[in-house]
Structure formats: structure tokens, C-alpha cells
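Following: one structure in C-alpha cells, then a few remarks.
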Amino acid sequence: MSEPLLVLDDVTKNYGAIQALKGISFSIGRGEVVALLGDNGAGKSTLVKIISGGLEPTSGRMLFEGKEFLARSPSEAKDAGIETVYQDLSLCTNVDVVANFFMGREITRKVLGVPVLDERAMEGVVAKALADAGTRIPSLRANVEHLSGGQRQAIELNRFVHWGGKLVLLDEPFAALGVEQTRRGLDMIRKVASQGIGVVIITHIMQQAFQVADRIVVIRQGVVAGDVATSQTSPDAVINMITGETLAGAGAASVAR
Ligand SMILES: Nc1ncnc2c1ncn2[C@@H]1O[C@H](COP(=O)(O)OP(=O)(O)OP(=O)(O)O)[C@@H](O)[C@H]1O
Ligand SMILES: [Mg+2]
């Protein structure tokens with residue numbers, strides 16, 4: 001098997017006296033979708049924030065593309081190709097789709113020796129990126145505030161892929177979306193992964209995990225309570241891993257005492 005994209009090795013996180021993560025180890029492959037499941041307070045968001053530079057771990061180590069990795073800020077993680085996609089938090093709502101797509105990376109051309117934004121070129125790039133991904137947006141010149149949550153998410157994911165992202169983290173991405181937008185979102189996640197990008201998705205909806213993920217990693221009280229291929233397990237077995245009712249879950253790595 002090829003080298004994993006990201007390896008977590010005994011990662012811990014304490015918030016004062018609270019041990020939110022007690023030694024998390026698992027890996028994410030290129031092109032793999034991993035669903036992170038667990039009860040409220042299990043430690044999922046904490047883990048995602050550590051990977052994407054929002055929080056520093058208390059101890060442990062991470063390897064990204066085979067090299068020791070620790071992002072000290074979200075922008076450092078982003079530079080490495082790791083990003084959390086929120087439904088709308090990181091888009092600027094008062095400018096249009098094209099401006100959001102190119103934020104900080106604008107194409108310019110010279111007019112009488114002075115650089116000006118090449119709007120037509122940028123619009124062409126965005127139109128192609130969205131079309132390639134099968135995303136339909138009513139107008140690329142619409143301010144983002146006029147788009148739905150699902151459309152904003154689609155733009156963010158497309159932007160991430162276009163600019164060479166390698167690992168994307170989604171913390172309950174469909175919580176506020178309707179059935180059709182959620183279905184499109186799940187399709188888009190598979191498409192993103194098929195381009196070799198690693199995806200971590202936190203969801204409380206078991207059906208979504210089974211629909212989209214290659215692997216399910218269950219966190220319980222800050223430890224990995226299960227790490228299984230979706231094809232080798234069942235919703236009932238995963239529920240048992242989440243609650244700790246039985247220890248029979250196939251592949252259960254370790255359990256909290
Ligand atoms: N900033 C913080 N300060 C103190 N404790 C925190 C902080 N953030 C999280 N915790 C605690 O760490 C533990 C893990 O929280 P985390 O948010 O990672 O859980 P989660 O699995 O994402 O839960 P949920 O499904 O409810 O989103 C919980 O006990 C929580 O109360
Ligand atoms: Mg959370």
C-alpha cells in the first residue's frame with residue numbers, strides 16, 4: 001500500500017484538567033474518505049482542529065506526506081494543502097463568486113503598463129472549475145450572500161480542489177442543508193476523493209457515513225473505539241462502538257475504561 005497522506009500517532013489534547021483526546025492514532029490515505037463518528041463531546045472537533053492548525057496538540061505526532069507535520073495556524077495548514085471547509089464561514093458574502101474563488105490569487109493583465117484584474121480570464125477559470133465538478137451556480141457574478149448554504153459549500157470545495165488542496169476536513173457539513181443539497185454534497189465529496197484528495201467528514205448521521213465513507217473511525221471519550229472499512233461493518237456494529245455497549249465491533253482497536 002502507498003504511504004498514507006496523514007498519520008496521527010498518539011495525539012493527545014488536554015483542556016486544563018479535561019483530557020479531550022487521550023492518544024489518538026489512525027491514518028488517512030490519498031483519495032480516501034474517512035467518516036469520524038462519536039457521541040457529543042467525544043473529541044471529534046478537537047481532533048479536526050488539531051489537524052487543520054486551529055489547536056495545538058498537548059502531545060503526539062503527525063506525519064503529512066511522510067514528513068513530521070504540525071500546523072501552528074489555519075493558514076499554515078492551508079499552505080500545506082490542509083483545510084477545513086465550513087458551510088459559509090470562510091467566504092466573503094459581499095463579493096461575487098469569482099472574487100471569492102480568486103481571493104488573494106487574482107489574475108492580472110497589464111493595461112498601459114499598469115496591472116488590472118483580468119475579470120474575463122478569472123471568470124473563465126471559475127466557470128470551467130465548477131463545470132468540471134458538475135456544480136451549477138445561477139451566476140458567477142452574484143454576491144455570495146445570495147447563494148444557498150449548499151452552493152457556498154460547493155464553491156469552497158471547488159476552490160480547495162482547484163488550488164491544489166490535499167486533505168479536506170468537514171465538520172458536520174450538512175447540518176443545515178436539505179435532502180437534495182445533502183445528496184449533491186455527498187456526491188461532490190466522492191468526486192473530490194476520486195482526484196486523490198483525502199477527506200475527513202464528521203457526521204452524526206450514520207446513513208451519511210455509510211453512503212460516502214471508505215472507512216469509519218469512531219472516537220469515544222478521547223480514544224479510538226473503532227477503525228473499520230465501511231464495507232466490513234454495519235450501522236449496528238458502529239453504534240455499539242460509539243456507545244461502548246458491547247466490545248464486539250469488528251476491528252475495535254481500544255476501548256475506554
Ligand atoms: N475550548 C474548550 N475548553 C475546554 N473544554 C473543551 C473545549 N473544547 C472542547 N472541550 C471539551 O473537550 C471534549 C471534546 O469536545 P469536542 O468539541 O472535540 O467534541 P465533539 O466530538 O466534536 O462533540 P460534538 O459531537 O458535540 O460536536 C468535551 O468534553 C468538551 O467539553
Ligand atoms: Mg464537534
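The values are calculated or read from the model by the stated rules, or taken from the named source; none is laboratory data. If you're wondering where the values come from, they're calculated on a predicted model, not measured in any experiment. In this analysis, Cβ positions are derived from the backbone assuming ideal geometry, glycine residues included, and neighbour counts consider all displayed protein chains.
Looking only at segment 30-50, filter to residues that are small (G, A, S) and within 13 Å of the chain's Cα centre (by Cα); which one of those is farthest from R190 (Cα to Cα)? Show your work before the answer.
From segment 30-50, those small (G, A, S) are 31, 35, 38, 41-43, 45; that's our starting set.
Okay, now just the ones that are also within 13 Å of the chain's Cα centre (by Cα), so 31, 35, 45.
Details: G31: 9, A35: 12, S45: 22 Å.
Among those residues, the one meeting the criterion is S45.
Give the residues of segment 198-223 that are within 16 Å of ligand 1 (Cβ to nearest atom), surrounded by fewer than 18 Cβ atoms within 10 Å (Cβ to Cβ) and touching a residue at least 40 places away in the same chain (Cβ under 8 Å), sorted by residue number.
Filtering segment 198-223 for residues within 16 Å of ligand 1 (Cβ to nearest atom) gives 200-206, 208-209, 216-223.
Then keep just the ones that are surrounded by fewer than 18 Cβ atoms within 10 Å (Cβ to Cβ); that gives 204-206.
Within segment 198-223, H204, M206 meet the criteria.
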Test result for M122, crowded, with 18+ Cβ neighbours inside 10 Å, among the aliphatic types (A, V, I, L, M), under 28 Å from N143 (Cβ atoms) and out of contact with any Ser or Thr (no Cβ under 7 Å at 6 or more places or on another chain): yes
Total residues in segment 18-32, condition surrounded by fewer than 19 Cβ atoms within 10 Å (Cβ to Cβ) and either modelled with pLDDT under 95 or within 16 Å of ligand 2 (Cβ to nearest atom) (or both): 1
Pairs where the first residue, in segment 150-170, is assigned by TED's automatic domain parsing to the domain that holds G185 and the second is outside any helix (DSSP H, G or I) and hydroxyl-bearing (S, T, Y), C-beta under 6 Å, 6+ apart: L169/S52; L169/T84
Residue ID - modelled with the highest pLDDT, chosen from residues in segment 224-255 that are in contact with a Ser or Thr (Cβ under 7 Å, 6 or more places away or on another chain) and surrounded by fewer than 21 Cβ atoms within 10 Å (Cβ to Cβ): N240
Checking V7 against (1) of a type in the set (V, I, T); (2) in contact with a Gly (Cβ under 9 Å, 6 or more places away or on another chain); (3) buried (at least 22 other Cβ atoms within 10 Å of the Cβ), the condition it does not meet: (3)
Unmet requirement for Y86, which otherwise passes all of (1) part of a loop (DSSP other than H, G, I, E, B); (2) assigned by TED's automatic domain parsing to the domain that holds I239; (3) aromatic (F, W, Y): (2)
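Scan A35, A77 and give me the residue that is away from ligand 1 (no atom under 16 Å from the Cβ), crowded, with 21+ Cβ neighbours inside 10 Å and either in a loop (DSSP other than H, G, I, E, B) or assigned by TED's automatic domain parsing to the domain that holds I239 (or both). Please lay out each step first, then the result.
Working: A35 fails: away from ligand 1 (no atom under 16 Å from the Cβ).
Exactly one residue qualifies, and that residue is A77.
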Residue in segment 92-114 that is closer than 30 Å to V7 by Cβ, polar (S, T, N, Q) and touching a helix residue (DSSP H, G or I) at 6+ places or on another chain (Cβ under 7 Å) present: no
Of the criteria (1) under 26 Å from V200 (Cβ atoms); (2) without any contact (Cβ under 8 Å) to a residue 60 or more places away in the chain; (3) assigned to a helix (DSSP H, G or I), which one R72 fails: (3)
